[in-house]
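Written out below as structure tokens is the structure these notes cover.
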Amino acid sequence: MNLTSDILHAFTPTGKLRASINLGNPILANKDAATGLPFGVSIDLANNFAKRLGVEIELVVFDAAGKSVEAVKAEQADIGFFAIDPLRGEGISFTAPYVLIEGSYLVPQDSAIQSNDEVDREGIRVTVGKGSAYDLFLTRELKHADIVRAPTSPTVVDVFVEQKLEVAAGVKQQLESDLARFAGHRLLPGRFMVIQQAMGTPKSRGADAAHYLAAYVEEMKASGFVADALQRHGIQGASVASGV
């Protein structure tokens, strides 16, 4: 799809490409401890998209998925990187997914819970990051367990441990990292969901802009750009989504 002046303006109404970045998902974005600058797969895709448009990029960085979503809905950002979810679709045009991520449960070592299907029971409290894909999914799916919301996804296990809750839910890699900080816990085998990570832009920017962004994502998957980014950043447990 050719880049027209109308499409360019749709993505850059301020003259820059403003990309909403969520640091709450370590598979997609992290902050460099030395420089304080964000890096990761989503930043690589954002920078490359800005290069394609021929404009300067401005990273609008948040610590939680919900904040990142709201920034795009409110048109404080022109593109963003989100888990596809029906609620988030209101006001945002999503591409097809570019990465698939596993969602896992963490429990105390001595917990009687041994499998994912044992979590949804009366008296079980599941910790999630407020507004995360896990929050949205489990709010719909859990019928008996209660949900306790941590401020952000990276603080889920801190809240889980501090409040002595039964289950923590999140990105598998984040929970594995938290195991190093909090001994005496274990991951349940398998996964309770697969998260489809996509790019998105405000629906108000029009169908042509949405189609252009969707085509960009498909090209980045097919060319190996996404796979190379995952490998370059040492990401395990995530896979490139198939093409459409």
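Counting only residues that are surrounded by 19 or more Cβ atoms within 10 Å (Cβ to Cβ), out of contact with any Phe, Trp or Tyr (no Cβ under 8 Å at 6 or more places or on another chain) and not polar (S, T, N, Q), which one in the range 149-164 is modelled with the lowest pLDDT?
Of everything passing the filter in the range 149-164, PRO154 is modelled with the lowest pLDDT.
Could you tell me whether the range 208-226 includes any residue that is open to solvent by less than 40 Å² (accessible area, probe 1.4 Å) and without any contact (Cβ under 8 Å) to a residue 12 or more places away in the chain?
Taking every residue of the range 208-226 in turn, at least one turns out to be open to solvent by less than 40 Å² (accessible area, probe 1.4 Å) and without any contact (Cβ under 8 Å) to a residue 12 or more places away in the chain.
The values are calculated or read from the model by the stated rules, or taken from the named source; none is laboratory data. Owing to the predicted nature of the structure, the values given are computational and were not obtained by experimental measurement. Methodologically, a virtual Cβ is constructed for each residue, glycine included, from the backbone with ideal geometry; neighbour enumeration extends over all protein chains shown. The area values use the complete protein model at the heavy-atom level, side chains included, leaving out ligands, DNA and RNA. Shrake-Rupley method; radii C 1.70, N 1.55, O 1.52, S 1.80 Å.
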